[in-house]
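Here is the structure we will look at.
The values are calculated or read from the model by the stated rules, or taken from the named source; none is laboratory data. Here the structure is a predicted model, which is why all the values come from computation and not from measurement. We place every Cβ from the backbone using ideal geometry, glycine too, and count neighbours over all the protein chains shown. Side chains are part of the model used for accessible areas, which takes the heavy atoms of the whole protein and leaves out ligands, DNA and RNA. Shrake-Rupley method; radii C 1.70, N 1.55, O 1.52, S 1.80 Å.
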Amino acid sequence: MQYPHVQTTHPTIDPALLIRAAAVIKCLGHPLRLQLLEAMEAGEATVTDLQARTGASQSTVSQQLATLRGHGIVAARRDGLFVRYSIAEPKVHQILACIRGCGA
């Protein structure tokens, strides 16, 4: 819908990008998922590492990581008996910085 009285100075966002952005934003809309991502900002982490950082149970951490992986936000790498998780979506770092900047 066009509004002739509204002037925009920004280019129109591609509809496919809007769909992807909405999916990522929806996925990030959970405090524990944001905590997990913040814990992975420095690099890879195991479920045990993430449990220690967040205080959440193993099953809860694993469930949230599965959601993040399903949306392509987190990647997993097997390392012997462990699975190491890392941020796969580079823009997550910018999103976390934006959240920090918006804090009161």
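If I compute solvent accessible area with a 1.4 Å probe over the protein chains, what percent of it on the chain is carbon and sulfur?
58
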Sum of side-chain charges, Val24 neighbourhood, beta-carbon under 12 Å (Lys, Arg +1; Asp, Glu -1): +3
Between 0 and 90°, nearest 10: helix 15-27 axis offset from the chain longest Cα axis: 40
Cβ-placed point charges (K, R +1; D, E -1), dipole of the chain about Cα centre in debye, nearest 20: 140
Which semi-axis lengths, in whole Å and largest first, follow from the square roots of five times the eigenvalues of the Cα gyration tensor of the range 61-100? 21, 11, 9
Angle between the Cα long axis of helix 58-70 and the longest principal axis of the chain, 0 to 90 degrees, nearest 10? 40
So how long is each side of the chain along the principal axes, counting just the alpha-carbon atoms, biggest first, in Å? 60, 32, 21
So if each residue of separation counts as 0.36 nm, and I subtract the Cα-Cα distance between Ala97 and His71, what length gain in nm does that give? 7.3 nm
Please state the charge dipole magnitude for the range 20-73, taken about the Cα centre, from unit charges on C-beta atoms (+1 on K and R, -1 on D and E), reported in debye and rounded to the nearest 20. 280
